[in-house]
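*Asks:* Got a structure here, written out as structure tokens. Questions coming.
The values are calculated or read from the model by the stated rules, or taken from the named source; none is laboratory data. Keep in mind the model is a prediction, meaning the values are calculated, not measured. Backbone-built Cβ (ideal geometry, glycine too); neighbour counts: all protein chains shown. Just so you know, the surface numbers come from the protein's heavy atoms only, side chains and all, with ligands and any DNA or RNA stripped out. Shrake-Rupley method; radii C 1.70, N 1.55, O 1.52, S 1.80 Å.
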Amino acid sequence: MSDFEIIDFLKQHLQSIQDNDTKTYSETTSPDLTLYEWWVTPHRIDGLPFHEFMMQSNAGRGTFFGVEEGKGKSSRLDLSNLHIQRYGDTAIASYTLLVSTAGAEGVKVAAHNESRVMVKLDGKWKVVHVHKSPAYPAPRTQDK
């Protein structure tokens, strides 16, 4: 199995979040998912209900992941510095997620670092863990 299969799977999974597609999200995510999402809470989040609620709410408001007001806007996802590590039926993808949004005011890009752990279960890849961190300079590296 090539890294291309994992990359295609990962892109499908991420696009399901962007599209508020809870069906595909559930098909590509393990029910016992664990996540750390720095921009939401400093604590671990467990299971699918958190994202399902977020995606359903976003769909109802006409918005999508990373954008407060989505009406009249288009977006794209890019994976910068994507690195895949394979260990049998386990894969780790680490990258900087770039969410570009175009609106009347121009294009804005939001970025954060992510690691997603995927495991092949019953012949299908599933995301089992996600860890996100901010993509800005660490406080100790900034000039005072």
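*Asks:* Can you confirm whether SER74 is touching a Gly at 6+ places or on another chain (Cβ under 9 Å), over 19 Å from TYR136 (Cα atoms) and either hydroxyl-bearing (Ser, Thr, Tyr) or surrounded by 15 or more Cβ atoms within 10 Å (Cβ to Cβ) (or both)?
*Replies:* yes
*Asks:* Looking at (1) over 12 Å from the mean Cα position of the chain (by Cα); (2) at pLDDT 95 or above, find the lone condition where HIS13 falls short.
*Replies:* (1)
*Asks:* Identify all residues within segment 91-140 that are surrounded by 13 or more Cβ atoms within 10 Å (Cβ to Cβ) and out of contact with any Ser or Thr (no Cβ under 9 Å at 6 or more places or on another chain); write none if there are none.
*Replies:* ALA91
*Asks:* Now, a different point. Report yes if some residue within segment 101-109 is of a type in the set (Asp, Glu) and either assigned to a strand (DSSP E or B) or on the phi > 0 side of the Ramachandran plot (or both); otherwise report no.
*Replies:* So far as segment 101-109 goes, no, none of its residues is of a type in the set (Asp, Glu) and either assigned to a strand (DSSP E or B) or on the phi > 0 side of the Ramachandran plot (or both).
*Asks:* Right, here's the next one. So the check is Cβ under 8 Å with 6+ separation or different chains; which pairs have a first residue in segment 42-60 that's over 15 Å from PRO31 (Cβ atoms) and a second one that's small (Gly, Ala, Ser) and open to solvent by less than 50 Å² (accessible area, probe 1.4 Å)?
*Replies:* Within 8 Å, the pairs are ASN58/GLY70.
Table: residues versus (1) assigned to a helix (DSSP H, G or I); (2) hydrophobic (A, V, I, L, M, F, W, C); (3) surrounded by 13 or more Cβ atoms within 10 Å (Cβ to Cβ).
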site: LEU14; (1), (2), (3): yes, yes, yes
site: ASN20; (1), (2), (3): no, no, yes
site: SER26; (1), (2), (3): yes, no, yes
site: TRP39; (1), (2), (3): no, yes, no
site: PRO42; (1), (2), (3): no, no, no
site: HIS51; (1), (2), (3): yes, no, yes
site: GLN56; (1), (2), (3): yes, no, no
